[in-house]
Each structure stands twice: as structure tokens, then as C-alpha cells.
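A.B. asks: One structure follows; several queries about it will come next.
Every number in this text was worked out from the coordinates using simple rules, so none of it is lab data. Here the structure is a predicted model, which means the values were calculated and not measured. With ideal geometry, Cβ positions are generated from the backbone for all residues, glycine too; neighbour counts draw on all protein chains shown.
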Amino acid sequence: MGYGDDLLITKLASKVKKQFPDRQIVIGEAKNQSAYHSIVYDNNPNISDCRNLEKSKPTHIIDYHPYNRPYIDYEKSTNTNYVWKKFKPNPGEIYFTKKEKVDAKKIILEAIKFWRRSNKKNYKKIIFLETSSTKIHDRQFSIKHQNKDWGAKNWQKLIDVLTKDFLVIKSVHNESKKNLSVFSPNNMDFRLACAVLNEADFYVGPEGGFGHVAAALNKKAVLYFGGWINPDAIGYDFHQNIYYEHNLSPCGEYKKLCSHCEEARKKITVDVFLKHINKISSN
């Protein structure tokens, strides 16, 4: 599962830990008595490291795995399309180390220096931005994530407008494209990126992991849902969720490139994004 899915279960883990304070709480598959580790759970006082459990203490497995995600209707889904349930997630929890907090503040200071080198005016707000999934070129997930994606050209047009007034910090991973007008720190792993997001004013990007991080950090966000998945399945009410209303939405297509998703990319323009961004930046 992705980091967003990992974050979704952390709120429940907190409740379970309060119910069973003497047990080691792990996430996994109860049927097989197996647990898995995620860096999202690092430093979380409610979730034990499944790689280093104490044999003398009882363990409680929260049954959560790729085949029981609460927003997917598995009975109605097919071998080509997901069907979504109506589901309202509770914002998760992520706990940073002191070093992550310090490093994030250093990156913010570097970003401010980056802005001042080419701008005499002050920036309006700090935006943490992501434009693509780490899995968009993964053979197993490529089609799905291309259908979910807003498209590189659209993101570039948005960046060109935003960087005139906003200090934009972009998460960089192997599939990301660097942009000279955006501050893109090197060697920023997912957890450090989350800590930097915590120092920013709001998040802009596709529905996915960082959207859930923004919710966990109580940050405003403008998210692209397109026509692949709908906000009623996985969105937060306090975010600006951009969705393509159409009789084919949400399609959930993951086996072939979808013309409906392509239409969504064309219909949801940069101006649509800017309208939502200006709305939250003025508050």
C-alpha cells in the first residue's frame, strides 16, 4: 500500500492503543498473523515496530492490508475498474523526530534565500507542491497513475503562475522533474518532505499520500481528483477537492489509459486550480 493508506490507519491505532495500553500495536493481516513496517509509523508512540517486538508482551494486530481498504467496494470492483465506497477518513497522525523538525526548518530558510535571490518583493505564502506519484512509471501501477495524473504540462503551467507570487517548494523523487523557478531540495525523503510540508502554509498536488499528510498536519490543501476517484471516497471536507463531475466519473480504470480521464485533464484548467488556491491563500 502507499503512504497515504498507511496514514489512514494511524488514527485507529491511537484509539486501539488507548483501549489496550499494555499491548504492542502493529498493522498487518490478522488472518496470517503477519505485520508490516512503514516509515509513516516511525516515532509513533501508538504503533510498535513489528521488526523489533518484545516476546514477553502481548501483540494486537490491526487488520489492515491491500485487500480490505475501507474506500474500495471489492464486491462491485472488476478486474479492470475499482468501484469506490462512500467513506470519510479521519485525519491520521505522523510524529516527527527532533532532527526532522530541525532539518525541515533549515530547508525553509534555504527556500527563503532562494526566493530572495531573484525577487525583491515578498512572497504571499509558502506552498508545498507535488506533481506526480512515485509509481507513475512503475510497470505494475503505471496505467492507474497515468489516469489519476493531471499531466506534466498542466502542472508546469500552474507552476509558472504560482512562482510569480508564492514561494513554492517541490517534493523531489526519482520520477519528478526539476523546475528552475521552484525550490527543490536534494536528498529529501518522504518523512523529511512531510516535515517541510508542516512548515509550509498549504499543499497543492494530486490526491494521494501528501494529501493525507496535509490532513494529518491540519494543513489546507488544493487537490486534483480528476475523474478517476471522487472526494466522497477518500477526501477531506476541509480541503479544496477538484473533481470532474461527469456521468463516467469516477471511473477507477486501472487496466488501460482512459479517454474520460484525459477529458478531465482538459476540463480542469489552471484557472480552476488558481481559483481554489486564491480562496485558501486569502484566509
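A.B. asks: Return an integer: the convex hull volume of the alpha-carbon atoms of the chain, in Å³ per residue. Display every interim value, and only then the final one.
C.D. replies: Values: hull volume 39.5 nm³, N = 283.
Measuring per residue, one finds 140 Å³ for the Cα hull of the chain.
A.B. asks: I've got another one for you. Would you look at the GNM of the chain, springs on alpha carbons closer than 10 Å, and say which of 259, 249, 184 moves the most?
C.D. replies: Highest fluctuation of the listed residues: 259.
A.B. asks: About its Cα centre, what dipole magnitude does the chain give when the only charges are +1 on Lys and Arg Cβ and -1 on Asp and Glu Cβ, stated in debye to the nearest 20? Kindly include the intermediate steps, with their values, before the conclusion.
C.D. replies: Numbers: 46 positive and 31 negative charges, 171 e Å.
Around 820 debye, computed over the chain.
A.B. asks: Skipping prolines and chain starts, which residues have an amide H placed within reach, meaning under 5 Å, of the one on residue 59, given they are 5 or more residues away or on another chain?
C.D. replies: 24
A.B. asks: Still on this structure: For the range 261-280, list residues with backbone N below 19 Å from a point placed 7 Å from the Cα of residue 121 toward its Cβ?
C.D. replies: Of the residues in the range 261-280, 271, 274-280 have backbone N under 19 Å from the label point off residue 121.
A.B. asks: Can you tell me which of 167, 109, 192 moves the most in a GNM of the chain? Springs connect C-alpha atoms under 10 Å apart.
C.D. replies: Top of the fluctuation ranking is 109.
A.B. asks: Share of antiparallel DSSP beta bridges in the chain, in percent to the nearest 5? Don't jump to the answer; show the numbers that get you there.
C.D. replies: Details: 4 of 26 bridges.
Of all bridge pairs located within the chain, approximately 15 percent are antiparallel.
A.B. asks: Relative contact order for the range 3-63: what is it in percent, counting Cα pairs under 8 Å that are at least 6 residues apart? Display every interim value, and only then the final one.
C.D. replies: Details: 78 pairs, mean separation 25.8, N = 61.
It comes to 42 percent, rounded to a whole number.
A.B. asks: Give the shape of the range 20-112 as rounded, prolate or oblate, defined through the alpha-carbon gyration tensor: a ≥ b ≥ c are the square roots of its eigenvalues, a/c under 1.5 means rounded, and otherwise the shape is prolate if a/b is larger than b/c and oblate if not.
C.D. replies: Values: a/c = 2.72, a/b = 1.23, b/c = 2.21.
Verdict is oblate for the range 20-112.
A.B. asks: Another question, then. Number of Lys-Lys pairs in the range 148-267 under 20 Å by Cα, sequence gap 8 or more or different chains?
C.D. replies: Going through the range 148-267 pair by pair, I get 24.
A.B. asks: I would also like to ask the following. Could you order peptides 157-163, 114-120, 212-218, 65-71 by the average number of other Cβ atoms within 10 Å of their residues, highest first? Don't skip to the answer; put the middle values down first.
C.D. replies: Details: 157-163: 18.4, 114-120: 11.9, 212-218: 22.9, 65-71: 14.3.
Ranked by mean Cβ neighbours within 10 Å, highest first: 212-218, 157-163, 65-71, 114-120.
A.B. asks: GNM, the chain, Cα, under 10 Å: largest mean-square fluctuation among 199, 100, 245?
C.D. replies: Judging by the Gaussian network model, the answer is 245.
A.B. asks: Next question, about the same structure. Could you give the size of the charge dipole of the range 140-269 about its Cα centre, using +1 on the Cβ of each K and R and -1 on the Cβ of each D and E, expressed in debye and rounded to the nearest 20? Mind dumping the intermediate values first?
C.D. replies: Numbers: 16 positive and 14 negative charges, 80 e Å.
Charge dipole of the range 140-269: 380 debye, to the nearest 20.
A.B. asks: Here is a further query. Any idea what the relative contact order of the chain is, in percent, if you count C-alpha pairs under 8 Å spaced at least 6 apart? Walk me through the intermediate numbers first.
C.D. replies: On the way: 474 pairs, mean separation 57.9, N = 283.
It rounds to 20 percent for the chain.
A.B. asks: Report, in debye and to the nearest 20, how large the dipole of the range 1-116 comes out about its Cα centre when Lys and Arg carry +1 and Asp and Glu carry -1 on their Cβ. Intermediate results must be reported in sequence, preceding the final value.
C.D. replies: Values: 21 positive and 14 negative charges, 94 e Å.
So the magnitude is around 460 debye.
A.B. asks: Calculate how large, on average over all directions, the projected area of the Cα convex hull of the range 3-63 is; give the answer in nm² to one decimal.
C.D. replies: Values: hull surface 15.6 nm².
Dividing the Cα hull surface by four gives the mean projection, 3.9 nm².
A.B. asks: Give me the Å³ per residue figure for the convex hull around the C-alpha atoms of the range 1-159.
C.D. replies: Details: hull volume 29.6 nm³, N = 159.
It comes to 186 Å³ per residue, whole-number rounded.
A.B. asks: Moving on to the next point. Mind grabbing the base-10 log of I(q)/I(0) for the range 45-95 at q = 0.27 Å⁻¹? Debye formula, identical points on the C-alpha positions, no solvent, two decimal places.
C.D. replies: -1.13
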